[in-house]
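S.K.: Submitted below is the structure of interest, expressed as structure tokens.
All of the numbers you see were taken from the coordinates with simple rules; none came from a lab. Keep in mind that this is a model prediction, so the values were computed, not measured. Glycine gets a Cβ as well: all are built from the backbone with ideal geometry, and neighbour counts include every protein chain shown.
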Amino acid sequence: MLGGLLESFTVSPDRIGLHFENLLFNQIQNTAWSYDTPIRISSYRTGAGAEVDFIVEMRDQVWAIEAKASTNVGVDDLTGLKCFETFYGKKCRPVVAYLGQSRRFLQQVEVWPWQELLAEMFGKA
């Protein structure tokens, strides 16, 4: 799976998003376990179709994470995160984890390369 994301072999375009979400979920879960960090991971979906891939609760923080198996992130990719922020009503950290190489902000939402996001979440940035 990681090999496909790093372009060591070709992943079918219709499956790369699922593979990336799976990779990110496993990396978050296993990193938490390796640091003996209590963690809760869920997702958010509305009847209208808004979704956030992972809601991660750990160390008194809530991360709303949208996984994008792409090097490009646009405003349309933020819909679920914005919806969750409104629904949740408390402080959370909305972020897009993607396959790009640089950190940036898009409408006050952090966009991070997925490896750097993991380092930030677990205090290794």
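S.K.: So what's the net charge close to TRP112: Lys and Arg +1, Asp and Glu -1, counting the other residues with Cβ under 9 Å from its Cβ? Kindly include the intermediate steps, with their values, before the conclusion.
M.R.: Values: positive: ARG103, ARG104; negative: GLU110, GLU116, GLU120.
The answer is -1.
S.K.: Follow-up. Which residues' amide hydrogens lie under 5 Å from the amide hydrogen of SER43, considering only partners 5 or more residues apart or on another chain, with H built in the peptide plane?
M.R.: ILE55
S.K.: Now for a separate question. Tell me the mean residue ellipticity at 222 nm calculated for the chain from its helices only (DSSP H runs of n ≥ 4, each -39500 (n - 2.57), averaged over every residue, nearest 500). Walk me through the numbers before you get to the answer.
M.R.: Working: 4 runs with 41 residues, N = 125.
For the chain, the value works out to -9500 deg cm²/dmol.
S.K.: What whole-number distance in Å separates the alpha-carbon centres of the range 90-109 and the range 18-61?
M.R.: When both Cα centres are located, 15 Å separates them.
S.K.: Let me ask something else. Restricting to DSSP loop positions (anything but H, G, I, E, B) with no more than 14 other Cβ atoms inside 10 Å of their own Cβ, which trypsin sites (Lys or Arg not before Pro) remain in the range 93-125? Don't jump to the answer; show the numbers that get you there.
M.R.: Numbers: sites: ARG103, ARG104, LYS124; in loops: ARG103, LYS124.
Answer by residue number: ARG103, LYS124.
S.K.: Within a Cβ distance under 11 Å of TYR44, other residues only, what is the Lys/Arg minus Asp/Glu net charge?
M.R.: Values: positive: ARG45; negative: GLU51, ASP53, GLU66, GLU85.
Around TYR44, the surrounding residues sum to -3.
S.K.: What's the exposure ranking of ARG15, ARG40, going from fewest to most Cβ atoms within 10 Å? Can you show the working numbers first?
M.R.: Working: ARG15 13, ARG40 10.
Sorted ascending by nearby Cβ count, the order is ARG40, ARG15.
S.K.: A further question follows. Work out from phi, with θ = phi - 60° and the Karplus expression 6.51 cos²θ - 1.76 cosθ + 1.60, the ³J(HN,Hα) of each residue of the range 22-35, listed in order in whole Hz, and give x for Gly and Pro.
M.R.: So the Karplus estimates, Gly and Pro as x, are 4, 4, 5, 4, 5, 5, 5, 4, 5, 5, 4, 4, 5, 9 Hz.
S.K.: Taking a temperature of 10 °C and a viscosity of 1.306 mPa s, what whole-number D in µm²/s does Stokes-Einstein yield for the range 2-121 with Rh from Kirkwood over alpha carbon pairs? Write down the numbers at each step before the final one.
M.R.: Working: Rh = 14.7 Å.
Answer from the Stokes-Einstein relation: 108 µm²/s.
S.K.: How far apart, in nm, are the 7 Å Cα→Cβ label points at ARG40 and ASP60?
M.R.: 1.7
S.K.: Still on this model: Given springs between every Cα pair under 10 Å in a Gaussian network model of the chain, which of ALA48, ALA64, ALA32 has the largest fluctuation?
M.R.: ALA48
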